[in-house]
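Visitor: The structure is given below, and queries will be raised subsequently.
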Amino acid sequence: MSKLEVLGKDFIYDGKPERIISGAIHYFRVVPEYWKDRLLKMKACGFNTVETYVAWNIHEPKPGEFYFEGMGDICKFIQTAGEVGLHVIVRPGPYICAEWEFGGLPAWLMAEPGIKLRCYNKPFIDRVDAFYDVLLPKLKPLLCTNGGPIIAMQVENEYGSYGNDKKYLNHLKEGMIKRGIDVLLFTSDGPGDLMLEGGTLPGVLKTVNFGSEPEESFEKLSEYQKDKPFMCMEFWNGWFDHWGEKHHTRPAGDAADVFERMLKMGASVNFYMFHGGTNFGFMNGANYDGKLYPTVTSYDYDSPLNEAGDATEKYFAIRDIISKYEKIDESYIPEPSKKKAYGRVELTEQAGLFDSLDEISSPVKSAHTQPMEMLGQNYGFILYRTHVTGPKKGSQISIIDVHDRAQVFLGGKFMGVIERGNKEGLTVDIPDGETVLDILVENMGRINYGSELGEFKGVTEGVRLDYQFIFDWDIYTLPLDNIEKLKFTKAKAKTGPVFCKGMFNVDELADTFIELEGWNKGVVFINGFNLGRYWNEAGPQKTLYIPAPLLHKGENEIIVFELHEMEKPVVELIDKPMLG
Ligand code: GLA
């Protein structure tokens with residue numbers, strides 16, 4: 001029976017000392033057709049292990065409804081890694097952070113009465129246990145102790161950065177063991193006292209996460225764990241972007257230098273990320289510090305393999321370092337994937353959102369506004385509709401609180417945007433008689449880190465007209481998971497919210513990037529697949545990655561849901577990304 005074990009400062013596998021050189025690839029951020037390609041390139045770079053989180057919210061979209069297919073087929077991902085000759089480290093959460101929606105927690109948890117996250121709270125624990133009852137038996141045959149590639153599993157994720165509930169942490173650990181997980185267990189935390197105190201468990205290997213200063217970080221770890229292997233479970237060799245910020249990059253030489261210093265110290269390393277991939281659909285997370293900072297659609301992360309899976313300068317710099325310490329086959333040259341500029345595509349047909357509500361939603365009548373979680377909705381948009389009476393000049397429409405961004409329409413006319421944190425709202429003139437008031441709210445991705453973890457989306461409390469709460473609403477949930485029901489007609493309006501559709505022909509399949517110059521903010525669908533959000537006004541990302549497996553030979557369909565306006569209903573498919 002093979003097993004990864006700890007002997008003094010070494011990891012031992014199959015009786016021999018082994019240094020773990022690992023990298024993160026999240027199966028849920030890469031189309032399955034490309035898993036093998038990315039894993040082969042990882043192996044060719046000299047790595048011996050791939051690490052992945054498990055995104056609970058992918059696998060349990062509704063309470064008790066499980067999904068393990070397509071991009072959710074974690075077992076296939078792990079098997080493929082094994083076939084390629086890589087070990088696998090699994091980090092099954094339940095919380096994963098990862099710039100992923102709600103740190104991987106399912107949005108519907110918010111609607112569970114009495115729930116408290118990431119602690120020994122019965123409603124939370126019951127849900128975690130029910131998920132582990134399904135997940136862990138799937139992983140069990142893939143453990144190295146059963147002849148599979150999984151060598152180790154993590155308990156929670158940087159728990160010391162959040163809480164101090166050892167009973168909870170211990171319950172997770174025991175829950176893994178009870179369900180047959182008999183591989184090496186570990187925790188990972190930031191290299192600080194509070195974190196290492198709160199996030200660790202006796203008898204469970206402690207690892208640390210950092211991007212620089214490996215000597216100081218491992219010294220801190222030594223204070224809590226003597227004579228055990230040094231392992232950096234997340235070496236942040238790049239970084240992610242928020243909308244409205246600059247694009248982050250980290251020089252290859254700098255990352256390679258920190259990596260080599262770790263190797264010199266005899267440490268094992270997991271690159272976070274080795275290949276970042278994409279936050280397809282509405283699955284990006286967000287950070288919060290008094291203001292919401294949603295993460296962009298690309299999760300390129302400036303990592304050794306870029307978003308399209310191509311080897312970067314960093315890949316080769318890292319490979320050069322590894323080759324000094326381990327034997328690797330350098331004859332393998334990872335080829336970039338085929339790219340194609342399919343050119344301009346005219347979006348000749350349209351369906352206005354307000355004209356399409358009955359096709360893609362059915363309204364819920366409610367005295368008060370309700371957040372989407374209370375209506376069984378996880379992601380996307382939600383529209384609140386009511387009537388107001390005028391004439392009233394200079395009235396104040398305010399939202400308490402909007403999560404995250406509202407567009408306000410009076411009689412179908414756009415009045416302005418109210419963003420999260422805005423207390424004043426908008427000043428409007430309400431015309432004589434009854435007028436329809438529409439408030440379209442975008443959930444821009446749930447916070448995945450810190451004390452604000454666990455928020456409702458949509459209108460969380462209420463909408464006020466001056467000092468009065470407004471009641472009697474029709475609420476339309478708009479997860480946009482059924483846009484095939486839209487009825488399009490030939491049209492060329494330039495203002496949204498509107499779905500715009502166009503077709504383009506593919507003779508040869510290749511990766512491509514959609515550029516939306518002149519468009520403002522919205523979502524793109526390719527052949528019905530939600531590619532993710534664009535937001536040109538904010539940047540830095542200006543293109544969205546379309547992997548070839550989302551295309552087919554012949555006619556392909558693009559639908560762009562634009563919230564504001566576009567210069568012309570035309571997009572362009574180009575052969576290079578523009579990440580800022
Ligand atoms: C932490 C988390 C990861 C990720 C990184 C930043 O270390 O554990 O999930 O969020 O930060 O990318």
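Bear in mind these aren't lab numbers, they're just calculated from the coordinates by the rules spelled out. The structure displayed is predicted, hence computed values, not measured ones. Note that we place each Cβ from the backbone using ideal geometry, even for glycine, and neighbour counts take in every protein chain shown.
Visitor: Might you let me know whether the stretch 62-72 holds any residue that is under 19 Å from Ser188 (Cβ atoms) and hydrophobic (A, V, I, L, M, F, W, C)? Talk me through it step by step, then tell me what you get.
Guide: In the first step, residues of the stretch 62-72 are kept if they are under 19 Å from Ser188 (Cβ atoms); the result is none.
No.
Visitor: Another question, then. Name the residue, out of Gly580, Gly532, that is at positive phi and part of a loop (DSSP other than H, G, I, E, B). Break it down stepwise before answering.
Guide: Details: Gly532 fails: part of a loop (DSSP other than H, G, I, E, B).
Every option except Gly580 fails the conditions.
Condition check ((1) of a type in the set (Gly, Ala, Ser); (2) under 25 Å from Ala538 (Cα atoms); (3) in a helix (DSSP H, G or I)) across all residues:
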residue: Phe274; (1), (2), (3): no, no, no
residue: Gly281; (1), (2), (3): yes, yes, no
residue: Pro294; (1), (2), (3): no, yes, no
residue: Asp300; (1), (2), (3): no, yes, no
residue: Arg319; (1), (2), (3): no, no, yes
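Visitor: What do you reckon, is Glu434 without any contact (Cβ under 8 Å) to a residue 60 or more places away in the chain and over 19 Å from Arg385 (Cβ atoms)? Explain how you work it out, then say what you get.
Guide: Values: without any contact (Cβ under 8 Å) to a residue 60 or more places away in the chain: yes; over 19 Å from Arg385 (Cβ atoms): no.
Taking the combined requirement at face value, the residue does not satisfy it.
Visitor: So, one more: Given the conditions (1) closer than 16 Å to Phe28 by Cα; (2) among the hydrophobic types (A, V, I, L, M, F, W, C); (3) within 16 Å of the ligand (Cβ to nearest atom), and given that Met71 satisfies all but one, which numbered condition is not satisfied?
Guide: Here Met71 clears every test but (3).
Visitor: Counting only residues that are within 30 Å of the chain's Cα centre (by Cα) and part of a strand (DSSP E or B), how many does the stretch 347-369 have?
Guide: Total satisfying the criteria: 4.
Visitor: Can you name the condition, by its number, that Glu51 falls short on among (1) in a strand (DSSP E or B); (2) in contact with a helix residue (DSSP H, G or I) (Cβ under 6 Å, 6 or more places away or on another chain); (3) within 16 Å of the ligand (Cβ to nearest atom)?
Guide: (2)
Visitor: Can you tell me which of Ala98, Ala81, Ala111, Ala107 is within 15 Å of the ligand (Cβ to nearest atom), in contact with a helix residue (DSSP H, G or I) (Cβ under 8 Å, 6 or more places away or on another chain) and of a type in the set (Gly, Ala, Ser)?
Guide: Working: Ala81 fails: within 15 Å of the ligand (Cβ to nearest atom); Ala111 fails: within 15 Å of the ligand (Cβ to nearest atom); Ala107 fails: within 15 Å of the ligand (Cβ to nearest atom).
So the residue among Ala98, Ala81, Ala111, Ala107 that is within 15 Å of the ligand (Cβ to nearest atom), in contact with a helix residue (DSSP H, G or I) (Cβ under 8 Å, 6 or more places away or on another chain) and of a type in the set (Gly, Ala, Ser) is Ala98.
Visitor: Residue check: is Pro63 more than 16 Å from the ligand (Cβ to nearest atom) and surrounded by fewer than 20 Cβ atoms within 10 Å (Cβ to Cβ)? First the steps, then the outcome.
Guide: Numbers: more than 16 Å from the ligand (Cβ to nearest atom): yes; surrounded by fewer than 20 Cβ atoms within 10 Å (Cβ to Cβ): yes.
Criteria met by Pro63.
Visitor: Which of the residues belonging to the stretch 502-529 are surrounded by fewer than 21 Cβ atoms within 10 Å (Cβ to Cβ) and either of a type outside the set (A, V, I, L, M, F, W, C) or on the phi > 0 side of the Ramachandran plot (or both)?
Guide: Gly502, Asn505, Asp507, Glu508, Glu517, Gly518, Asn520, Asn527, Gly528
Visitor: Got at least one residue in the stretch 200-213 being part of a loop (DSSP other than H, G, I, E, B) and charged (D, E, K, R)?
Guide: For the stretch 200-213, residues part of a loop (DSSP other than H, G, I, E, B) and charged (D, E, K, R): present.
Visitor: Scan the stretch 185-199 and give yes if some residue there is away from the ligand (no atom under 15 Å from the Cβ), touching a Cys at 6+ places or on another chain (Cβ under 8 Å) and either of a type outside the set (Asp, Glu) or part of a strand (DSSP E or B) (or both), otherwise no.
Guide: No, the stretch 185-199 contains no residue that is away from the ligand (no atom under 15 Å from the Cβ), touching a Cys at 6+ places or on another chain (Cβ under 8 Å) and either of a type outside the set (Asp, Glu) or part of a strand (DSSP E or B) (or both).
Visitor: Taking the stretch 434-467 as the region of interest, how many residues are more than 16 Å from the ligand (Cβ to nearest atom) and in contact with a Pro (Cβ under 8 Å, 6 or more places away or on another chain)?
Guide: Here is the first cut: in the stretch 434-467, the residues more than 16 Å from the ligand (Cβ to nearest atom) are 434-444, 454-467.
Next, only the ones that are in contact with a Pro (Cβ under 8 Å, 6 or more places away or on another chain) stay: 440, 444, 456-460.
So the count comes out to 7.
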